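Novice: I have a structure here, written as structure tokens, and I will follow up with some questions on it.
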Amino acid sequence: MTTLVMAQKPVESYPEKKSEALISNLTIPVQLDILTMQDIINTQMDSLIYEIKDLNNSSVSDFSMKVWRLDKIKLQGEKSSLFSFVPLRIHVKGTLKTKVLGLTLRKSIDQEMQLLTKFQTKIALNYNWDLISKTALVEYRWIKEPYIDFGPVKLPMGSIVDGLIDEQKDSINRTIDREIRQRFDLKKQIELSWKTFQLPFVASVWGEEKTWLYFLPSDEKVIIQNLHFEEDALKTQIRLQAFADAEFSKKLNLKPKMVPLPNLSYHDDLEPGVEMLVNAQVSKATALKKANELFLNKAYSFREGKYNVKILGINFYGSGQDIVIELDLSGSITGKVYLSGYPVYNASSNKMEIRNFAYILDAKTKISKFTRWLFAGKIKKQLKEGAEEVLNNQILEIRKQVEKGLENFEFSPQATLQGQVHQFYIKEIFLQPDTIFAKIVLNGDFMILLKGF
């Protein structure tokens with residue numbers, strides 16, 4: 001038996017609502033391992049560290065000294081200091097002068113010696129992200145101390161070189177500072193990461209459609225924690241606020257507005273964590289295509305096949321705050337019916353639900369009590385559960401894709417974002433004539449790992 005139904009189409013209307021600008025709060029730890037720093041400086045730093053020529057004073061004349069790195073430099077971090085343990089090979093050449101029993105003795109030398117040095121470097125970033133370093137020679141000891149034969153006396157040459165090192169230590173310290181600033185150009189990496197941060201990237205793939213996620217920083221400043229060493233790594237945290245938007249489309253339609261890197265300010269009491277509030281928009285055509293893929297020609301059977309209903313067409317639109325689903329049915333019930341409801345997020349179940357889900361039939365439509373009961377109960381329930389399942393499955397799929405995209409996102413070959421999403425849900429959905437707008441909430445913990453410069 002086939003029942004022909006007639007229904008009055010609910011009025012299509014949309015709330016006067018605009019997609020608000022949502023502020024996301026991002027506090028992201030940044031880390032650079034000591035071993036990475038050590039590899040960089042040993043790979044990139046020249047072997048020749050320091051050189052002086054034609055030095056003349058009370059102890060030497062026509063004197064030259066070259067200082068090379070004898071072996072690999074070892075680094076150790078503690079609080080705000082970087083300690084460098086540098087084995088050195090020193091070559092000296094020239095004339096040494098010393099007094100013995102009131103007599104001035106001279107000796108030409110051309111000799112090498114070795115010593116182990118320890119430098120302490122205080123590092124920080126200034127307001128425009130330039131690395132500031134202040135190095136001091138803390139101590140040194142001779143690995144092999146040479147002696148020089150003045151005839152009647154044999155003197156350790158280290159004592160003479162000690163005086164030279166003391167005279168030249170400020171120049172050596174400046175050389176070390178220059179090497180550190182050159183090899184660890186944090187500003188360059190931060191500027192590159194800041195630019196990449198604002199470029200849209202594919203956070204998820206939904207069939208042919210992609211989820212393009214992009215950020216627009218909202219502050220004129222960025223807050224960071226003081227640079228410090230902890231657990232064999234150089235660490236800080238960066239806090240910023242940004243507007244986050246998402247667009248579901250095959251190709252990105254919007255061109256990002258690039259905000260230059262602002263000046264920084266310091267604050268030590270920063271709690272890590274990311275709360276992203278994302279304005280997402282999906283074209284109605286895209287969502288309708290997906291709905292047709294899932295529901296079109298789907299059949300429902302009841303009473304062991306005695307009653308059958310098949311969906312021949314589907315459409316949806318807005319009616320005030322509600323979403324109206326228009327179904328074109330054939331079978332035991334034939335004609336157009338309308339179902340409406342209000343999508344909300346259920347925090348306890350962590351799922352979207354359609355509240356007040358109801359069907360609309362014209363009062364003149366004559367259907368049996370059983371058919372009306374069947375439609376009001378079984379079919380409506382299955383359609384409601386099906387719609388909610390589709391919605392939540394897509395949210396789950398998008399979450400998986402977003403998590404995958406963010407768990408190891410490469411800002412640059414030298415900087416990678418790693419992390420974990422703890423919460424991901426849709427806070428609100430509303431329709432406009434051609435677009436579905438959604439407010440997505442994402443909470444998680446992320447870290448930027450620097451791998452080089």
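Novice: If you go through the stretch 210-224 one residue at a time, do you hit one that is of a type in the set (Gly, Ala, Ser) and surrounded by 17 or more Cβ atoms within 10 Å (Cβ to Cβ)? Explain how you work it out, then say what you get.
Specialist: First pass over the stretch 210-224, keeping only residues of a type in the set (Gly, Ala, Ser): 218.
Right, trim to surrounded by 17 or more Cβ atoms within 10 Å (Cβ to Cβ) and you get none.
No, there is no match, as no residue in the stretch 210-224 is of a type in the set (Gly, Ala, Ser) and surrounded by 17 or more Cβ atoms within 10 Å (Cβ to Cβ).
Novice: Going by the structure shown, is VAL205 touching a strand residue (DSSP E or B) at 6+ places or on another chain (Cβ under 8 Å), open to solvent by 50 Å² or more (accessible area, probe 1.4 Å), among the β-branched types (Val, Ile, Thr) and at pLDDT below 85? Don't jump to the end; show me each part of the working.
Specialist: On the way: touching a strand residue (DSSP E or B) at 6+ places or on another chain (Cβ under 8 Å): yes; open to solvent by 50 Å² or more (accessible area, probe 1.4 Å): yes; among the β-branched types (Val, Ile, Thr): yes; at pLDDT below 85: yes.
For VAL205, the condition - touching a strand residue (DSSP E or B) at 6+ places or on another chain (Cβ under 8 Å), open to solvent by 50 Å² or more (accessible area, probe 1.4 Å), among the β-branched types (Val, Ile, Thr) and at pLDDT below 85 - is met.
Novice: Do we have ASN315 as under 21 Å from ILE429 (Cβ atoms), at pLDDT 80 or above, exposed (fewer than 15 other Cβ atoms within 10 Å of the Cβ) and within 40 Å of the chain's Cα centre (by Cα) here?
Specialist: Working: under 21 Å from ILE429 (Cβ atoms): yes; at pLDDT 80 or above: yes; exposed (fewer than 15 other Cβ atoms within 10 Å of the Cβ): no; within 40 Å of the chain's Cα centre (by Cα): yes.
Here the answer is no, as ASN315 does not meet what is asked.
Novice: Name every residue in the stretch 408-449 that is free of Cβ contacts under 8 Å to residues at least 40 places away in the same chain, open to solvent by 20 Å² or more (accessible area, probe 1.4 Å) and within 9 Å of the chain's Cα centre (by Cα), in order of residue number.
Specialist: Across the stretch 408-449, the qualifying residues are ASN408, GLU410, GLN418.
Novice: Could you grab me the full set of residues in the stretch 341-354 that are in a strand (DSSP E or B), open to solvent by 20 Å² or more (accessible area, probe 1.4 Å) and in contact (Cβ under 8 Å) with a residue 24 or more places away in the chain?
Specialist: Taking the stretch 341-354 as the starting set, the residues that turn out to be in a strand (DSSP E or B) are 341-346, 351-354.
Filter once more, keeping what is open to solvent by 20 Å² or more (accessible area, probe 1.4 Å): 342, 344-346, 351, 353-354.
Listed by number, the residues that qualify are TYR345, LYS351, GLU353, ILE354.
Novice: Is there a residue being buried (at least 16 other Cβ atoms within 10 Å of the Cβ), β-branched (Val, Ile, Thr), over 32 Å from the mean Cα position of the chain (by Cα) and not in a loop (DSSP other than H, G, I, E, B) anywhere in the stretch 296-312?
Specialist: yes
Novice: Does LYS187 satisfy the condition of being of a type in the set (Lys, Arg), surrounded by 15 or more Cβ atoms within 10 Å (Cβ to Cβ), touching a Phe, Trp or Tyr at 6+ places or on another chain (Cβ under 8 Å) and not in a helix (DSSP H, G or I)? Don't jump to the end; show me each part of the working.
Specialist: On the way: of a type in the set (Lys, Arg): yes; surrounded by 15 or more Cβ atoms within 10 Å (Cβ to Cβ): yes; touching a Phe, Trp or Tyr at 6+ places or on another chain (Cβ under 8 Å): yes; not in a helix (DSSP H, G or I): no.
Judged against the criteria, LYS187 is not a match.
Novice: Taking the stated definitions as given, is PHE357 at pLDDT below 85, under 30 Å from TYR14 (Cβ atoms) and over 34 Å from the mean Cα position of the chain (by Cα)?
Specialist: Values: at pLDDT below 85: yes; under 30 Å from TYR14 (Cβ atoms): yes; over 34 Å from the mean Cα position of the chain (by Cα): yes.
Criteria met by PHE357.
Novice: Report, by residue number, each residue of the stretch 225-240 that is of a type in the set (A, V, I, L, M) and over 15 Å from the mean Cα position of the chain (by Cα).
Specialist: Applying the first criterion (of a type in the set (A, V, I, L, M)) to the stretch 225-240 yields 227, 233-234, 238, 240.
Within the stretch 225-240, LEU227, ALA233, LEU234 meet the criteria.
Novice: So, LEU164, is that one surrounded by 15 or more Cβ atoms within 10 Å (Cβ to Cβ), at pLDDT 90 or above and either among the acidic types (Asp, Glu) or closer than 30 Å to PHE184 by Cβ (or both) or not?
Specialist: Working: surrounded by 15 or more Cβ atoms within 10 Å (Cβ to Cβ): yes; at pLDDT 90 or above: no; either among the acidic types (Asp, Glu) or closer than 30 Å to PHE184 by Cβ (or both): yes.
When the stated conditions are applied, LEU164 does not pass them.
Novice: In the stretch 396-410, what residues are touching a Leu at 6+ places or on another chain (Cβ under 9 Å) and among the hydrophobic types (A, V, I, L, M, F, W, C)? Steps first, please.
Specialist: Of all residues in the stretch 396-410, those touching a Leu at 6+ places or on another chain (Cβ under 9 Å) come to 399, 402, 405-410.
Once the filter is applied, which keeps residues that are touching a Leu at 6+ places or on another chain (Cβ under 9 Å) and among the hydrophobic types (A, V, I, L, M, F, W, C), the stretch 396-410 yields VAL402, LEU406, PHE409.
Novice: Applying the selection to the stretch 248-294, what residues are at pLDDT 80 or above, aliphatic (A, V, I, L, M) and open to solvent by 70 Å² or more (accessible area, probe 1.4 Å)?
Specialist: MET258, ALA285
Novice: Right, next: Could you tell me how many of the residues in the stretch 378-407 are surrounded by fewer than 17 Cβ atoms within 10 Å (Cβ to Cβ), of a type in the set (S, T, N, Q) and within 30 Å of GLN31 (Cβ to Cβ)?
Specialist: Of the residues in the stretch 378-407, 0 are surrounded by fewer than 17 Cβ atoms within 10 Å (Cβ to Cβ), of a type in the set (S, T, N, Q) and within 30 Å of GLN31 (Cβ to Cβ).
The values are calculated or read from the model by the stated rules, or taken from the named source; none is laboratory data. Nothing here was measured: the structure is a model prediction, and the numbers come from that model. A quick note on method: Cβ atoms are made from the backbone with ideal geometry, for glycine too, and the neighbour counts reach across all protein chains shown. For accessibility, only protein heavy atoms count, side chains too; no ligands or nucleic acids. Shrake-Rupley method; radii C 1.70, N 1.55, O 1.52, S 1.80 Å.
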